[in-house]
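Chemist: Following this message is one structure expressed as structure tokens.
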Amino acid sequence: MKHYKPTSNPRRQLTTISYGDHLTVAEPHKALTRGFRRAVGRNNHGRITTRHKGSGHKRLFREIDFMYDKKDIPAIIETVEYDPNRSGFISLVCYKDGERRYVLLPKSLKVGDTILTSATADLKVGNRLQLKNIPVGTFVYNVELKPLGGGKIARSAGNYVEIIAQDAGQTHLKMPSTEVRKVADIAWASIGEVSNDENRLVVIGKAGRSRWMGIRPTVRGTAMNPVDHPYGGGEGRQGRGTRRAKTRWGKPVGKGQKSRRAKKYSNRLIVSRRRVGKKRD
């Protein structure tokens, strides 16, 4: 982590990642980039569906390969790069047939290392296999929810999923949220954990840096009027005044409240619900 001299109050706490110690190039591979317009919390009608999103620095999109559909062809890691659209680092890999693609970089791999996607690949960091071929206790990342559906689980910085059981065509995975979930054992996963695990230690430090990231200000419910929020109103500072935490629309939220739909399609795949609160490990 990079710390700064306390030349101002925000800078006293501010920390950033020492990118110079990790990255090998400054510019992305142009053939695998494109421009895009961020949704900034709006749906296809232009209405705000997620609050507190907007503005932020312009970003260039990197086309990341989550499918890994080039089987049994080894690839060499050529670069370690920053991607503004995700918290983990990415790598440009060159396959033996000459094709280049961007992939998520696992922790501990460096330029010159080789990765392989194969049903018979070695149990080595960066290699990609079917879950049934990975032993219990192994950490994996970029895991498919459905076979050949592309990696969906454990893709952000420092994340991983632990394989805790193999049973009747299903693999039991312990998710980063502590939930235990079943996934078909013919789905694919990569060995290891996502790079840049220091990302969780970053202190934003000042409001302006949040705006650069595209995060707009959040107003506390208790600071609003009664018409705007269930916590609003009152003289001076007031407590919540309700038994359970809720949103401005009265829906239960946070602090251990259960908000999962009772008839969600994946309920049958959940072995153990996630634990909530500070002591969930």
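Chemist: Are there any pairs, at least 6 apart or on different chains, whose C-beta atoms fall under 7 Å, with the first in segment 249-265 and within 24 Å of Asn225 (Cβ to Cβ) and the second of a type in the set (Ser, Thr, Tyr) and modelled with pLDDT of 90 or more, and if so, which?
Modeler: Here the result reads Val253/Thr247, each pair linking segment 249-265 to a residue that is of a type in the set (Ser, Thr, Tyr) and modelled with pLDDT of 90 or more.
Chemist: Give just the number: which of (1) assigned to a loop (DSSP other than H, G, I, E, B); (2) modelled with pLDDT of 95 or more; (3) not hydroxyl-bearing (Ser, Thr, Tyr) does Pro176 not satisfy?
Modeler: (2)
Chemist: Tell me whether segment 222-236 contains one or more residues that are in contact with a strand residue (DSSP E or B) (Cβ under 7 Å, 6 or more places away or on another chain), free of Cβ contacts under 8 Å to residues at least 40 places away in the same chain and within 30 Å of Gly250 (Cβ to Cβ). Give the steps one after another, and end with the answer.
Modeler: At the first step, the residues of segment 222-236 found to be in contact with a strand residue (DSSP E or B) (Cβ under 7 Å, 6 or more places away or on another chain) are 230.
Next, only the ones that are free of Cβ contacts under 8 Å to residues at least 40 places away in the same chain stay: 230.
Add one more test, that the residue is within 30 Å of Gly250 (Cβ to Cβ), and what stays is 230.
Yes, the conditions are met somewhere in segment 222-236.
Chemist: Here's something else I'd like to know. Mind counting the residues in segment 48-70 that are within 30 Å of Arg216 (Cβ to Cβ) and either within 17 Å of the chain's Cα centre (by Cα) or not in a loop (DSSP other than H, G, I, E, B) (or both)?
Modeler: 8
Chemist: Exactly one condition in (1) crowded, with 18+ Cβ neighbours inside 10 Å; (2) among the polar types (S, T, N, Q); (3) under 20 Å from the mean Cα position of the chain (by Cα); (4) within 19 Å of Ala184 (Cβ to Cβ) is not met by Thr117; state its number.
Modeler: (3)
Quick grid of which residues meet (1) in contact with a Phe, Trp or Tyr (Cβ under 9 Å, 6 or more places away or on another chain); (2) more than 22 Å from His52 (Cα to Cα); (3) not in a helix (DSSP H, G or I):
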{"residue": "Asn225", "(1), (2), (3)": "no, no, yes"}
{"residue": "Gly236", "(1), (2), (3)": "no, yes, yes"}
{"residue": "Thr242", "(1), (2), (3)": "yes, yes, yes"}
{"residue": "Lys263", "(1), (2), (3)": "no, yes, yes"}
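Chemist: Hey, Arg34 hits all of (1) of a type in the set (D, E, K, R); (2) assigned to a strand (DSSP E or B); (3) closer than 14 Å to Ile115 by Cβ but one; which does it fall short on?
Modeler: Result: Arg34 passes all but (3).
Chemist: Further question on the same structure: Return the residues of segment 121-164 that are in contact with a helix residue (DSSP H, G or I) (Cβ under 9 Å, 6 or more places away or on another chain) and of a type in the set (S, T, N, Q); say none if nothing qualifies.
Modeler: In the first step, residues of segment 121-164 are kept if they are in contact with a helix residue (DSSP H, G or I) (Cβ under 9 Å, 6 or more places away or on another chain); the result is 121, 123, 140, 143-145, 156-159, 163.
Within segment 121-164, Ser156, Asn159 qualify.
Chemist: Could you tell me how many of the residues in segment 151-168 are more than 15 Å from the chain's Cα centre (by Cα) and either in contact (Cβ under 8 Å) with a residue 24 or more places away in the chain or buried (at least 17 other Cβ atoms within 10 Å of the Cβ) (or both)? Break it down stepwise before answering.
Modeler: Going residue by residue through segment 151-168, those that are more than 15 Å from the chain's Cα centre (by Cα) are 162-168.
The next check asks that each one be either in contact (Cβ under 8 Å) with a residue 24 or more places away in the chain or buried (at least 17 other Cβ atoms within 10 Å of the Cβ) (or both); those that pass are 162-166.
So the count comes out to 5.
Chemist: Against the condition in contact (Cβ under 8 Å) with a residue 12 or more places away in the chain, surrounded by fewer than 17 Cβ atoms within 10 Å (Cβ to Cβ), in contact with a strand residue (DSSP E or B) (Cβ under 7 Å, 6 or more places away or on another chain) and of a type in the set (Lys, Arg), how does Arg42 come out, does it pass?
Modeler: Taking the combined requirement at face value, the residue does not satisfy it.
The values are calculated or read from the model by the stated rules, or taken from the named source; none is laboratory data. What you see is a predicted model, and the numbers here were worked out from it, not measured in a lab. Ideal geometry is used to build each Cβ from the backbone, glycine not excepted, and the neighbour counts take in all protein chains shown.
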